[in-house]
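Below you'll find the structure, written out as structure tokens, and then a few comments.
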Amino acid sequence: MEKINVPLADRSYSILIGSGILSGLGKELSALSFPQRIAVISNPKVDNLYGRAVLDSLKTSGFSPLMFTIPDGEEFKSQKTLQSIYDFLIENSFDRGCGLITLGGGVVGDIAGFAAATFLRGIPYVQIPTTLLAQVDSSVGGKTAVNHSLGKNLIGAFYQPEMVLIDISLLHTLEPREVSAGLAEVIKYGVICDYDFFCWLEKNVVQLRNRDVKALAHAIKRACQIKSEIVVTDEKEGSVRAFLNYGHTFGHAIENLSGYGEWKHGEAVSVGMVVAAKISLKQGFCTQQDVDRLTQLLKNLELPIAPPDFPLSAYVASMQRDKKVKQGTLTLVLNRGIGEVFLQKTDNISSVFSSVL
Ligand code: NAD
Ligand code: GLY
């Protein structure tokens, strides 16, 4: 088992990465003196696959867990679902001496993490990410949120977990489309700060698509290292954490305009990265070859590279509602070649995007 520490003073925690480590959950939580009474939040699909293993491990170590499932899908990452989690916690008399576990992909992690952040002004929680996307990105760093009908993740909080437990063996039940979606966020790390990792990804396309455990373990570990280093430097996105939003503003607009759930988050980010790279090319910060390499890698991993057909005005209106817009100014994340990004402010979203769409 690998351990990556996320040193954030009194909010520090460890990311545990390994294959077959879910059964050790109870022991890990005992070592942390995690609360004895625990709400486990999942969805029916993940509960059927892994709920029993989680509950057994907890009970064997003396914990009292209670499972609550929310409906499966991005469209349920809503205030209504959040309310149902609060109802469950209150009806079952959970108090400040209790804890919460998120068991699922980014949807469960984000919404249940936000419930933990806000219930009784905050109870301790642990992330058990079960999709590749959640293992390489959403479970680390403490961003929690629900969507609003007008925009992604518009209601949320920064709230760090007490531990992240990543069991790579859980990925064998994922749909191929979900593996690809997770790989989009993995590629993002290569583009924003690690050229060698980007080259490694280019060379390991077949292994990654086939879910070779060694290749996945390397990709997950490197992704978590990069993300935790960035989060430790800038926990609340005052500076470099914004690099992690590469491809996201346009990606969020795709998700919002298409109707939540139609496009996977990672698929929308894939297209968003191509758009960001094309803007970077237009402004002379990278070459056509860089754009082609990124596009080819995404295609090889069966990710989309072209945006759905919405009018420019709809994309612009959606991006203007993005939470990263401040007083009408949007911060773009652009790439210098591959392996470096920088922030550029623009108050003319329309002209920047019209040049590449
Ligand atoms: P998801 O949570 O919807 O999971 C995708 C599908 O996989 C679901 O149907 C789920 O039930 C299923 N699933 C989960 N684990 C499985 C397993 N082991 N085997 C079989 N099926 C399994 O989607 P996602 O891609 O994991 O997460 C996307 C969400 O993450 C978006 O809402 C996005 O905004 C958010 N996100 C948050 C952050 C952050 O920093 N907090 C970062 C990136 C993305
Ligand atoms: N996924 C972006 C972030 O965690 O900052």
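Coordinate-derived values only; no laboratory data. Remember, it's a predicted structure, so these values are computed and weren't measured experimentally. Ideal geometry is used to build each Cβ from the backbone, glycine not excepted, and the neighbour counts take in all protein chains shown.
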Between the helical axis of 176-193 and the dominant principal axis of the chain, each derived from Cα atoms, what acute angle in degrees is found, rounded to the nearest 10?
-> 60
Normalised alpha carbon radius of gyration of the chain [divisor 2.2 N^0.38 Å] | 0.96
What ranking do THR329, THR130 get, fewest neighbouring Cβ atoms within 10 angstrom at the top?
-> THR329, THR130
Of all trypsin sites (Lys or Arg not before Pro) in the stretch 248-357, the ones in DSSP coil with at most 13 other Cβ atoms within 10 Å are ARG336
CD proxy at 222 nm, helix term only [per DSSP H run n ≥ 4: -39500 (n - 2.57); per residue of the chain; nearest 500] | -13000 deg cm²/dmol
Per residue Cα convex hull volume for the stretch 10-96, in cubic angstrom?
-> 133
The stretch 116-221: radius of gyration over Cα atoms, expressed as a fraction of 2.2 N^0.38 Å = 1.19
Considering the convex hull of the alpha carbon atoms of the stretch 61-157, report its projected area averaged over all viewing directions, in nm², one decimal.
-> 6.3
In Å, the Kirkwood hydrodynamic radius from C-alpha pairs for the stretch 242-357 sits at 14.1
Partners for LYS45 among aspartates and glutamates (Cα-Cα distance below 19 Å; same-chain residues under 8 apart left out) = ASP56, ASP72, GLU74, GLU75, ASP110, ASP167, GLU175, GLU178, GLU262
Pop a pseudo-label 7 angstrom from the Cα along the beta-carbon direction at both HIS148 and GLN289 and give the gap in nm to one decimal.
-> 4.5
Hey, which of these cross-link pairs are over 24 Å Cα-Cα: LYS203/LYS227; LYS264/LYS326; LYS236/LYS324; LYS77/LYS264?
-> LYS264/LYS326
Reduced to Cα centres, the span from the stretch 192-264 to the stretch 312-334 in Å works out to 21
Hey, what did the chain get for relative contact order, percent, Cα under 8 Å, at least 6 apart?
-> 15
Most exposed first by the Cβ proxy, i.e. fewest other Cβ within 10 Å, how do GLU91, GLU302 rank?
-> GLU91, GLU302
Give the angle, between 0 and 90 degrees and rounded to the nearest 10, that separates the Cα long axis of helix 106-118 from the longest principal axis of the Cα atoms of the chain.
-> 60
